[in-house]
1. Could you please state, rounded to a whole Å, how far the C-alpha centre of region 1-71 is from the C-alpha centre of region 182-211?
2. When a footprinting reagent is the concern and you count Cβ atoms within 10 Å, what order do THR175, THR136, THR40 take, fewest first?
3. Go ahead and run the numbers for FRET between LEU222 and GLU52, Cβ-Cβ distance against an R0 of 41 Å, rounding to 0.05.
4. Evaluate Rg over Rh across region 41-173, taking Cα atoms for both radii and Kirkwood's formula for Rh.
5. For LYS162, what is the net charge nearby, where nearby means another residue's Cβ is under 12 Å from its Cβ and Lys, Arg count +1, Asp, Glu -1?
6. Loop only per DSSP, at most 16 neighbouring Cβ atoms within 10 Å: give me the trypsin sites (Lys or Arg not before Pro) in region 1-54, ordered by residue number.
7. How big, on average over all directions, is the shadow cast by the Cα convex hull of region 30-99, in nm²?
8. Looking at PHE20, PRO48, MET108, which one has the Cα that reaches farthest to the positive end of the dipole of the chain (charges on Cβ: Lys, Arg +1; Asp, Glu -1)?
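Nothing in this text is a laboratory measurement; each read-out follows from the coordinates by a stated rule. Note that the structure is a prediction, hence the values are computed from the model and not measured. Positions of Cβ are generated from backbone atoms using ideal geometry, with glycine treated the same way; all protein chains shown enter the neighbour counts.
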Amino acid sequence: MAHALIRRLFDGRLPALAMFDLDGTLVDSVPDIARALDATLAARGFAPAGRERVRHWVGRGSRNLVREALAHAVDVAPQQVAEDLLDEALAVYLARYLEDCAGATTLMPGAAALLGSMRAAGVALACVTNKPIAITERLLGALLPDAGFAAVLGGDSGAGVKPAPGPLLAAMATTRVLPCAALMIGDSRHDVHAARAAAVRVICVAGGYNHGEDIRREAPDLVVDGLGELL
């Protein structure tokens, strides 16, 4: 049976709405994020952070990402980074990233096939990410132009950021779907916490961007090694 693992979570049916995280779930965006971030650091005379560090920092929004990078560069705790320095670096980073956000970013294996099969099965799709909406829309337009998302929410869309439940609640309101018929698919603890707070079931992909930690520790409803397992 198609989507058998998903159906098990909904008593043999499919959800009415599937909400997808973006970074680390649908796309591997670290190469482009790291390039923009390292260029931002270099402009201030700092050493590059590198992809592996960036991979651990991604997931809590651009402001927190840049804060972590600056804290590492000047060897202080993130909360000690001066706000004026952070504001300036964030503006530079966002401009650089928006300019080239899809050059080296690739789809995660199985992402396009899963979205297409769920859409064909009548499931409404949403993208719920902490990435700024302008960058999100440009990235989706480049890599998933035919995804057919009924709702796309970024970290600056006004509904809050994960792990708060606001973005998920907004996606459900837009599609008029109740929590009992909605599913979150992500890769990090922020996806799990947001889903729990919104009272929706959650599936996580192992090996995504979860700050170097095993996502199984967060006890999502299901963990898969890749999106292809959900087909």
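1. 12 Å
2. Details: THR175 18, THR136 23, THR40 26.
Sorted ascending by nearby Cβ count, the order is THR175, THR136, THR40.
3. Numbers: r = 27 Å, r/R0 = 0.67.
The pair LEU222/GLU52 has a calculated efficiency of 0.90.
4. On the way: Rg = 16.6 Å, Rh = 16.4 Å.
Expressed as Rg/Rh, it is 1.01.
5. On the way: positive: ARG60, LYS131, ARG189, ARG196; negative: ASP21, ASP23, ASP187, ASP191.
Net of charged neighbours comes to 0.
6. On the way: sites: ARG7, ARG8, ARG13, ARG35, ARG44, ARG51, ARG53; in loops: ARG13, ARG44.
Passing both the DSSP loop test and the Cβ count: ARG13, ARG44.
7. Working: hull surface 16.1 nm².
Average projection, Cα convex hull of region 30-99: 4.0 nm².
8. PHE20
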